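Trainee: Sharing a structure with you now.
The values are calculated or read from the model by the stated rules, or taken from the named source; none is laboratory data. Worth saying up front: this structure is predicted, and the values here are computed from it rather than measured. All Cβ positions, even for glycine, are placed from backbone atoms using ideal geometry, and neighbour counts span all protein chains on display. Areas reflect the complete protein model, heavy atoms only, side chains present, ligands, DNA and RNA absent. Shrake-Rupley method; radii C 1.70, N 1.55, O 1.52, S 1.80 Å.
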Amino acid sequence: TLLCQESYVCSGTDEAIFECDECRSLQCQRCEEELHQPERLRNHERTRIRPGHVPYCDSCKGANGNIMHASMTGSRQIAAVRCQVCKINLCVECQKRTHAGGNKRKHPVTAYHAGKAQEQEEEEGMDEETKRRKMTEKVVSFLLVDETEEIQVKNEEEFIKKLDCSPDQHLKVVSIFGNTGDGKSHTLNHTFFYGREVFKTSPAQESCTVGVWAAYDPVRKVVVIDTEGLLGATVNLSQRTRLLLKVLAISDLVIYRTRADRLHNDLFKFLGDASEAYLKHFTKELKATTARCGLDVPLSTLGPGVIIFHETVYTKLLGSDHPSEVPEKLIQDRFRKLSCFPEAFSSIHYKGTRTYNPPTDFSGLRRAVEQQLENNTTRSPRQPGVIYKALKALSDRFSGEIPDDQMAHSSFFPDEYFTCSSVCLSCGCGCKKSMNHAKEGIPHESKSRCRYSHQYDNRVYTCKACYERGMEVSVVPKTSASTDSPWLGLAKYAWSGYVIECPNCGVVYRSRQYWFGNQDPVNTVVRTEIEHVWPGTDGFLKDNNNAAQRLLDGMNFMAQSVSELSLGPTKAVTSWLTDQIAPAYWRPNSQILSCNKCNTPFKDNDTKHHCRACGEGFCDGCSSKTRPVPERGWGPAPVRVCDNCYENRGIQLDVAELPSDEEGGTLIARKVGEAVQNTLGAVVTAMDIPLGLVKDAARPAYWVPDHEILHCHNCRKEFSIKLSKHHCRACGQGFCDDRRGVPSRGWDHPVRVCFNCNKKPGDL
């Protein structure tokens, strides 16, 4: 609440009701009546104070004290403080000017806080141009995309926050292009922001704009985008040029800024190549983005409008020599002569200005821009979230490095900027699909035919009978038919060789069907096609005869089944036999349920160890140390003891505890049993070596060798004795366990496959 500043009657405690301009103070009801009783003071102009009122600065008045003159010239400011000694109201500038030094610097002041009503009253007194200027005072630009095509805004919410606009506000996008040093940032600052340096400018030789910068114009409700200049000395030129087309694709209006006495060919070449690339690569992607993101506002597949802003110094503007000809008609003729056809753009307009003396006049460009923004027939405004989604989709699709050896420099926007960079390993031709198409499950494709390479064996067999009926069905040689059981298939393979099976026709070929006279399948039942070999894909007709591996798998399955079924009885018999030859002081295995030290319960697969000194049962961790135990008859070789007995060395046994002759015989039997166990373990270990060689010999051609598999291809866990390695029957990598049929590799029955292959839809 504002208090009375006169303190004539109320002592400064009453609320101020009036402001007297001649008295230069706020007055309460009682002070106002008493002060203006004299005849000479009755004509003072007094105004009633509204809620939130703040007086004007007294020092900002004209030299003659004419308040009306001061307010007309715009020199009168709202007061920020009141000096209690000088009894005047001061704005910030006047306070610095009059009270910054000397004794006045120590004068006590009272601060004012302008209310919303006062601000609204102040805005009502402004003209339209001043209001617009005030709306753009807080606008700042931000980096939207850097020079490596990486979006610097994480999500839609951050994009809207940096624009400082409402999420429901419908906006258009205006971008600017041109050669480096032509003043693109300066043009945007004066066209949209009344000369404020929203976009950075610099007199240095280096480009001051790197990447793509954006700002929001609250007056015209547009997103203004500043881009990096063409023909500059930059690295990653191909990626930066591709970035310009992404910006052009999301723009509703494009300003091409050129500062030259005559229009150069690179302007028409840039717009012509941009139009061709837009129609060829971006139209389809914008449609897909609309469907994929479920956008309420469809993204227009017709390109933005273009305004060519031409500034000259010594030459006349385009069309000034021929008033009867429209500049846009001359622009179209120039495009036609250069064989450049800008069909993608919804419109092309020319706006020129001749600068006899600086600064440049941007008023004509400003009017042309506002006129184009009001036209919603082709490009309608959309929410900022839609703009961000479109830019994100284009960046995800068209990204990655561009190889210089594949670059065609005859165009501003060659196809290599937007197509897949994969090259066929057999013939060397490139993929014609758009970039990053593999993320959507779309395979590589090339229009040219491939040639056969023995290194990659890029042949594909198709059933000849199905082909004659109008179907193209791929078939592969394999060990057995899908209808045969694993063991019956192995028997048939041993007798009549591999088979070729068609899903429609059944088994169409067996390699040893007859004793003699068996023909090649290419001449009888299949057709051969040569297909491209793309990086990261397998060969086509690799050896799918997996009979040897099937035999090993069957034997391993039988051995594993016998081991699992006999595990219980075997352990029971082993424990009984061990107890029979154990010394008398050993605790029987049946009574050892947990480790004597850590109390960890023993499981079925856990091994129990007896301490040779005390005879108690321990786990591996609690009985890992060794030393001779001569007092028990174990010596001089070290034997396993528990941790407690290892620390209590030199323990003296009573005579009654010494081993008797009978116990000595039992001790000898135990030593013999341990020697037999060690010998059998060495034999089993020695048998593992040739078994590994047999497995390598039986391995199918597409399997990765065992010695190259160090960890799981999916979870990256290292293989060890406890973690067995298994080959995926689909891709041949080393993985953990999962099962599924792989007909393309000749495995018709469920076999081990990796996690990634198991997720693939359809037949493997």
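Trainee: Hey, among Val235, Val224, Val254, Val247, which residue is modelled with pLDDT under 90 and either crowded, with 22+ Cβ neighbours inside 10 Å or assigned to a strand (DSSP E or B) (or both)?
Mentor: Result: Val247 is the single residue among Val235, Val224, Val254, Val247 that is modelled with pLDDT under 90 and either crowded, with 22+ Cβ neighbours inside 10 Å or assigned to a strand (DSSP E or B) (or both).
Trainee: Find all pairs meeting these conditions: Cβ atoms under 6 angstrom apart; at least six residues apart or on different chains; first residue within region 362-380 and farther than 17 Å from Ile250 by Cα; second residue of a type in the set (D, E, K, R) and at pLDDT 90 or above.
Mentor: Gly364/Lys351; Leu365/Lys351; Ala368/Lys351
Trainee: Within region 598-619, track down each residue that is closer than 22 Å to Ala584 by Cβ, of a type in the set (D, E, K, R) and open to solvent by 30 Å² or more (accessible area, probe 1.4 Å).
Mentor: Of everything in region 598-619, those that are closer than 22 Å to Ala584 by Cβ, of a type in the set (D, E, K, R) and open to solvent by 30 Å² or more (accessible area, probe 1.4 Å) turn out to be Lys608, Glu616.
Trainee: How many residues are in a loop (DSSP other than H, G, I, E, B) and either touching a residue at least 24 places away in the same chain (Cβ under 8 Å) or within 22 Å of Ser399 (Cβ to Cβ) (or both) when one looks only at region 260-270?
Mentor: 4
Trainee: Output yes when any residue across region 27-46 is under 19 Å from Lys87 (Cβ atoms), open to solvent by 100 Å² or more (accessible area, probe 1.4 Å), at pLDDT below 85 and not hydroxyl-bearing (Ser, Thr, Tyr), and no when none is.
Mentor: yes
Trainee: Follow-up question, since we're still on this one. Quickly run through region 202-221 and pick out the residues that are of a type outside the set (Val, Ile, Thr) and part of a loop (DSSP other than H, G, I, E, B).
Mentor: Those that are of a type outside the set (Val, Ile, Thr) and part of a loop (DSSP other than H, G, I, E, B): Ser202, Pro203, Ala204, Gln205, Glu206, Ser207, Cys208, Gly211, Pro218, Arg220, Lys221.
Trainee: Checking the structure you have, find out if any residue of region 80-100 is in a loop (DSSP other than H, G, I, E, B) and modelled with pLDDT of 85 or more.
Mentor: no
Trainee: I've got another one for you. What pairs can you find where one residue is in region 271-287 and open to solvent by 10 Å² or more (accessible area, probe 1.4 Å), the other is at pLDDT 75 or above and among the basic types (Lys, Arg), and their Cβ atoms are less than 8 Å apart, with a gap of 6+ or different chains?
Mentor: Glu285/Arg397
Trainee: Got a number for residues in region 158-211 being closer than 19 Å to Phe362 by Cβ and of a type in the set (Gly, Ala, Ser)?
Mentor: 6
Trainee: For region 458-505, name all the residues that are of a type in the set (Asp, Glu) and surrounded by fewer than 16 Cβ atoms within 10 Å (Cβ to Cβ).
Mentor: Glu468, Glu472
Trainee: Further, regarding this structure: Which number in (1) outside any loop (DSSP other than H, G, I, E, B); (2) modelled with pLDDT of 60 or more; (3) surrounded by fewer than 14 Cβ atoms within 10 Å (Cβ to Cβ) marks the one condition that Ala584 misses?
Mentor: (1)
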